[in-house]
Structures are given as C-alpha cells and as structure tokens.
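The values are calculated or read from the model by the stated rules, or taken from the named source; none is laboratory data. If you're wondering where the values come from, they're calculated on a predicted model, not measured in any experiment. Cβ: placed from backbone, ideal geometry, glycine included. Neighbour counts: every protein chain shown.
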Amino acid sequence: MPWDDVNVARLRELWDQGLPTAQIGKLIGFTKNAVVGKAHRIGLERRPSPIRRTAVKPDRKKARSPIMPKLNFENNESQIEDLNNISNFQPLFRNANASFVTKQNKGCEWPIGHPEEQEFHFCGKERFTNKSYCLEHCAIAYVLPEKEDGTTSINQVA
C-alpha cells in the first residue's frame, strides 16, 4: 500500500496526538519502521527515545584508562650488582640433551620418550627429502588416504 495524501495527513494527525509509531502503523496499515521513515522524510518533529537513559553518562575515558604502576627509577646498586653476578644461566630442562632441535641439526625430529623423562631424545637419523622425519618415521607420520575402492594414490601425498 503506497503512501498517498490521505495516509500522510492521517500520519501527521496521529503524530501530533503523540501516539506511538507502532500504534500509528496499525491504524494506517503500515509497519512501525515505515511510519518512522515517512515521518523522517516529511520532516515531522523528532520524538525522544522510549529507551530510558541514565541522567549521568559514565565517563568512558576514565573507565578505560589503565592503572599505571608507580615506577621507581632510583639506581639501587645492590640489585644491579646481584644482576651482574649471575653468570651461569641454567635452563630449566632436566636433561640438557632434550633441548629442541634447531635448523642447524638436520636429524629426524621424531620424539622418543616423554619430555619430562631423563632419557627423552629425538631420533636424529638422516631426514627424508623435505620432511622433518627419517624414512621410517615418515611412514608413520604421513599416512596416505584411501580411496573408496581401498587403494591409495601416490598423487595425493603432499
């Protein structure tokens, strides 16, 4: 149903009476949003929001500002000497041989044992081409997907 002169006149009349937009829409045969849009387009006086707002808005800047700690920049010479005396840094690993394999070590990275155990280590054998593991562990790590007929396809290996 389009907006015609009769509907617009009825809208103005009901608007001036102060009826809610949803009720005006029901009386004229339009939705609430159509009434609000038409009232805006024809320049009717704006109404206050029906949503109750608090009288005092909270200051968002204060609510979001972080609490800055007080920093003591005085040079405490005893603390500096304590830091300088730390010469032997010991990692927290139980086993020094259980450190992570670096790029320089080109051995197989298959873990053997549990990292918290004293005997934990990596396989270390020669890696298979462009893989992280030796040929034996590649066979375990990289499983070929099966087709519906039960065979595997070599083309599917990444």
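Quick rundown of the values:
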{"item": "Residue that is farthest from Arg47 (Cα to Cα) [pool: residues in the range 1-18 that are among the acidic types (Asp, Glu) and surrounded by 10 or more Cβ atoms within 10 Å (Cβ to Cβ)]", "result": "Glu13"}
{"item": "Residue among Thr31, Thr21 that is of a type in the set (Ser, Thr, Tyr) and surrounded by 15 or more Cβ atoms within 10 Å (Cβ to Cβ)", "result": "Thr21"}
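Each row is one residue, and each column tells you yes or no for (1) modelled with pLDDT under 90; (2) in the same structural domain as Gly107 (by TED's automatic domain parsing); (3) β-branched (Val, Ile, Thr); (4) more than 13 Å from Cys108 (Cβ to Cβ).
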residue	(1), (2), (3), (4)
Gln118	yes, yes, no, yes
His121	yes, yes, no, no
Thr129	yes, yes, yes, no
Leu135	yes, yes, no, no
Cys138	yes, yes, no, no
Lys147	yes, no, no, yes
Ser153	yes, no, no, yes
Ala158	yes, no, no, yes
